Amino acid sequence: MLIFTDRFDRLTSGPMTLRIIEKNPAGPDGLPFYYYDILINGAPVGKISIRVGAAFHTYYNGNIGYEIDASHRGHGYARTACRMVLDVARYHGMTALCLTCAESNTASCRTIEGLGAELLEICEVPREYFAWREGMKRQRIYRLAL
């Protein structure tokens, strides 16, 4: 069982701050995660989560999930926020992360590749993965060594 820490409740790098929204222990099929607001000079621009551990779902959903508000895209905020949560994964003993995005999501591809992640494959999600029923598209699966 993961023991959450308060050490990462507020992370700052230059004008960016990540402020904790939730620490979720997850259920039997999910992973525990930290969930943050992404702020630039105090103004919200998006959200990011870091899922701690590995499971079947992680391979297709990734350890990090982010969303940048449409009006704030194109400034590298997702990549900076991703770099900022890597210490959370290290603190919890992780040595690598799975990062994923839809095959057609070129902005996320650039973000993930800019972190130095290695492309493992481009694949269809299996029928037993919950998002298959929701129509999840082909995924680019990356590994980021920590």
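The values are calculated or read from the model by the stated rules, or taken from the named source; none is laboratory data. Everything numeric in this text was worked out from a predicted model, so none of it was measured. Heads up, the Cβs are rebuilt from the backbone with ideal geometry, glycines too, and the neighbour counts pull from every protein chain shown. Heads up: the accessible areas ignore ligands, DNA and RNA and are worked out on the full protein's heavy atoms, side chains in. Shrake-Rupley method; radii C 1.70, N 1.55, O 1.52, S 1.80 Å.
Summing Lys and Arg as +1 and Asp and Glu as -1 over all other residues whose Cβ lies under 15 Å from the Cβ of Leu115 gives a net charge of +3.
Here the Karplus curve 6.51 cos²θ - 1.76 cosθ + 1.60, taken at θ = phi - 60°, turns the phi angles of segment 105-110 into couplings of 8, 5, 5, 5, 4, 5 Hz, with x standing for Gly and Pro.
Amide hydrogen proximity for Ala96: with H placed 1.01 Å from N in the peptide plane, the residues at 5 or more positions away or on another chain lying under 5 Å are Leu146.
The 1.4 Å probe gives accessible areas that order Met94, Met1, largest first, as Met1, Met94. What a 1.4 Å probe finds exposed on segment 33-115 is 48% carbon and sulfur by accessible area, rounded to a whole percent.
The HN-Hα couplings worked out from phi for segment 54-69 by the Karplus form 6.51 cos²θ - 1.76 cosθ + 1.60 (θ = phi - 60°) are 9, 7, 3, 5, 4, 4, 9, 9, x, 7, 10, x, 9, 8, 10, 4 Hz, whole numbers, x standing for Gly and Pro.
A 1.4 Å probe run over segment 1-125, with the rest of the protein chains in place, finds 52 Å² accessible per residue. Computed from backbone phi with θ = phi - 60° and the Karplus coefficients 6.51, -1.76 and 1.60, the 3J(HN,Hα) list for segment 14-25 is x, x, 8, 10, 9, 10, 4, 9, 7, 10, 10, x Hz; x is used for glycine and proline.
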